[in-house]
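Trainee: Below is one structure. I have some questions about it.
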Amino acid sequence: MASPLVVRELSKDFGALRAVDGVSLEIQDGQVHSLIGPNGAGKTTVFNCVSGFLRPAGGQVLLDGLDVTGWPAHRLVAAGLARTFQITKVFGDLTVFENVALGARSRLGRNLQMWRDARNVADAQAGAEEILDMLGLAEHAGANADHLAHGDKRILEIAIALALRPRLLMLDEPTAGMSPGETAHIGDLIRRIAKHTSVLLVEHDMEMVLGISDEITVMTQGRVIASGTPDAVSRDPHVQDAYLGEVDVMNL
Ligand SMILES: Nc1ncnc2c1ncn2[C@@H]1O[C@H](COP(=O)(O)OP(=O)(O)OP(=O)(O)O)[C@@H](O)[C@H]1O
Ligand SMILES: [Mg+2]
């Protein structure tokens, strides 16, 4: 079976700045693969190029063996790639359940006839319930999404992405602004998700990254400086140099 995601020699410029410079990575089935690096390293730009929000200047993106380089975001979603954003995006006026059911129904695309089909609606609702159960949001199903605590809102965002039943889930800083307890909880959820959906994670919390990742790719200034298991990466002298003064990787 092809890897969920292969990125080869990806590059992206913003004017004179080469924000992403020849980045390659490969995600294995059922794995959590983290992309880490200091602020401005180019992580979100890689995400945006992979998920169709930016057009790469060069390189290749393969989703499940299919060359999807330069595809727009909506086509990538249909092909099995779902992502969340560094800033939370949910429909605040809808309930938690409606948000997820809408995600599940959007898998049906723009075919309104399919949306009217009772079986499809029932299927979307059952799928939404299952996902809310798995992520521990079932008790809030009827609540207005705007009324959720920040941490639960981020989990809802993950639930909406999962409702698309993606081949690959991409999470950009899912623990931003969370307490240590909430962060640990998100880490558990990500491990649970990875049993059936591979995850590409951008995350600054090193304890969580080292604790839940199967593989880590480290970027600085647009380039990959190391990749491998958490153990190998945290011992890598280049990585320790890059993080000196930021995070003491050695003490984790
Ligand atoms: N739309 C844009 N236009 C111009 N420059 C940009 C744009 N987006 C990002 N950059 C620049 O590209 C570089 C990489 O930014 P990027 O957001 O990918 O970093 P990051 O690794 O996600 O950082 P952070 O950890 O702070 O989220 C930075 O120097 C940033 O200022
Ligand atoms: Mg970023």
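Trainee: Among the residues that make up segment 63-73, is at least one of them more than 16 Å from ligand 2 (Cβ to nearest atom) and under 26 Å from Q125 (Cα atoms)? Step through it out loud before you land on a result.
Mentor: Initially, segment 63-73 is screened for residues more than 16 Å from ligand 2 (Cβ to nearest atom), giving 63-73.
Next, from what is left, pick out any that are under 26 Å from Q125 (Cα atoms): 73.
Yes, there is a match, as at least one residue in segment 63-73 is more than 16 Å from ligand 2 (Cβ to nearest atom) and under 26 Å from Q125 (Cα atoms).
Trainee: Follow-up question, since we're still on this one. Write out, first by first residue and then by second, each pair whose Cβ atoms fall under 7 Å of each other, whose residues are 6+ apart or on separate chains, and whose first residue, in segment 28-42, is within 7 Å of L201 (Cα to Cα) and of a type in the set (A, V, I, L, M) while the second is within 6 Å of ligand 1 (Cβ to nearest atom) and outside any loop (DSSP other than H, G, I, E, B).
Mentor: Within 7 Å, the pairs are L35/K43.
Trainee: Taking L171, is it within 16 Å of ligand 1 (Cβ to nearest atom), in contact (Cβ under 8 Å) with a residue 24 or more places away in the chain and within 13 Å of the chain's Cα centre (by Cα)? Spell out the reasoning first.
Mentor: Working: within 16 Å of ligand 1 (Cβ to nearest atom): yes; in contact (Cβ under 8 Å) with a residue 24 or more places away in the chain: yes; within 13 Å of the chain's Cα centre (by Cα): yes.
So L171 fits the description; yes.
Trainee: Only one residue in L62, L5, L17 is over 23 Å from D214 (Cβ atoms), in the same structural domain as T175 (by TED's automatic domain parsing) and not polar (S, T, N, Q). Which one?
Mentor: On the way: L62 fails: over 23 Å from D214 (Cβ atoms); L5 fails: over 23 Å from D214 (Cβ atoms).
The match here is L17.
Trainee: Please work out if H204 is touching a residue at least 12 places away in the same chain (Cβ under 8 Å) and under 30 Å from L94 (Cα atoms).
Mentor: Numbers: touching a residue at least 12 places away in the same chain (Cβ under 8 Å): yes; under 30 Å from L94 (Cα atoms): no.
Answer is no for this residue.
Trainee: Then there's this: So which of A145, A149 ends up being open to solvent by less than 30 Å² (accessible area, probe 1.4 Å) and among the aliphatic types (A, V, I, L, M)? Quick ask: steps written out before the conclusion?
Mentor: Values: A149 fails: open to solvent by less than 30 Å² (accessible area, probe 1.4 Å).
Every option except A145 fails the conditions.
For (1) part of a strand (DSSP E or B); (2) within 13 Å of ligand 2 (Cβ to nearest atom), each residue gets a yes or a no:
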| site | (1), (2) |
| --- | --- |
| R8 | yes, no |
| D13 | yes, no |
| V20 | yes, yes |
| D29 | no, no |
| L54 | no, yes |
| Q60 | yes, no |
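The values are calculated or read from the model by the stated rules, or taken from the named source; none is laboratory data. Bear in mind the structure is a predicted one, so any value in this text is a computation, not a measurement. Every residue, glycine as well, gets a Cβ built from its backbone with ideal geometry; the counts of neighbours run over all protein chains shown. When the accessible area is computed, the model is the full protein with side chains, heavy atoms only, and any ligands, DNA or RNA have been set aside. Shrake-Rupley method; radii C 1.70, N 1.55, O 1.52, S 1.80 Å.
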